[in-house]
Amino acid sequence: MRTVRSRRRCGECGHWEPAGAPACERCAALVDEIVEEGWRAFVEREFGVADPPGERLIAEMVVDEPDRHPWRVVDAAYDRLTCPECGGRLSRGPSGCAPCDLANGFRFAAVEIDRPGVPPGNEHALRVNVAVTRRPYGVSAAEVLLRRLSLPILLDGLLPTTAQAQATKAAANAGATEAELAALVYGEWGRG
């Protein structure tokens, strides 16, 4: 496996952070932090300091116009709203919860802006992998496994080639083990 200086092993689950999510609480919190850091920067830049009721009002405004905000801000806004059907965070409820399913679809209207120094498309890949890891319902176990294993690579600013991504997805769909997928993701992605 390739070693990247910015990558660390989780002390709770042993995966490269945050690839242990959603099962590992520490890794799941790190995935949530990807979204939260965008929210905090947005609120501070646009509104200064906001208390929880103020953040809820801001969140309601953001979800009314998701196409005007970065995806991290939109995802965090949904986290601050409660689903009237399942009682969980809006957009993160189980598959089949109508308000959460609807909100989950609207989240993808948000803006994607690649971070400086990453290849074009890295932010889109990161967004999709974060979304699946945070809401794994209705997604195959193989897909969730692949998405969560990909997070450390994407956070490092790397991106698989189309051929690498397709080969890895085919291996996942064919029943590759976690170790086999990890070897592909951590050993080959971002090269060539």
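The values are calculated or read from the model by the stated rules, or taken from the named source; none is laboratory data. Since we're looking at a predicted model, the values are computed, not measured. Every residue, glycine among them, receives a Cβ derived from its backbone with ideal geometry; neighbour counts consider all protein chains shown. Surface accessibility is based on the protein's heavy atoms, side chains included, excluding ligands, DNA and RNA. Shrake-Rupley method; radii C 1.70, N 1.55, O 1.52, S 1.80 Å.
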- Please give the number of the condition residue 117 fails out of (1) at pLDDT below 95; (2) under 14 Å from the mean Cα position of the chain (by Cα). (2)
- Which condition number does residue 108 fail, the rest of (1) modelled with pLDDT under 95; (2) crowded, with 21+ Cβ neighbours inside 10 Å; (3) not in a loop (DSSP other than H, G, I, E, B); (4) not polar (S, T, N, Q) being met? (2)
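Rundown of residues vs (1) of a type outside the set (D, E, K, R); (2) at pLDDT 95 or above, yes/no style:
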position: 6; (1), (2): yes, no
position: 10; (1), (2): yes, yes
position: 14; (1), (2): yes, yes
position: 34; (1), (2): yes, yes
position: 37; (1), (2): no, yes
position: 40; (1), (2): no, yes
position: 68; (1), (2): no, yes
position: 71; (1), (2): yes, yes
position: 80; (1), (2): no, yes
- For residues in the stretch 147-170 being open to solvent by less than 40 Å² (accessible area, probe 1.4 Å) and over 11 Å from residue 188 (Cβ atoms), which is modelled with the lowest pLDDT? 157
- Message: Among the numbered criteria (1) open to solvent by less than 30 Å² (accessible area, probe 1.4 Å); (2) of a type outside the set (S, T, N, Q); (3) farther than 28 Å from residue 25 by Cβ, which one does residue 103 miss?
- Response: (3)
- Task: State whether the residues of the stretch 52-64 include one that is open to solvent by less than 60 Å² (accessible area, probe 1.4 Å) and within 18 Å of the chain's Cα centre (by Cα).
- Result: yes
- Item | Matching entry among 149, 181 (being of a type outside the set (D, E, K, R), within 22 Å of residue 15 (Cα to Cα) and in contact (Cβ under 8 Å) with a residue 40 or more places away in the chain) | 149
- Task: Can you tell me which residue among 127, 134, 26, 115 is closer than 17 Å to residue 152 by Cα and exposed (fewer than 13 other Cβ atoms within 10 Å of the Cβ)?
- Result: 115
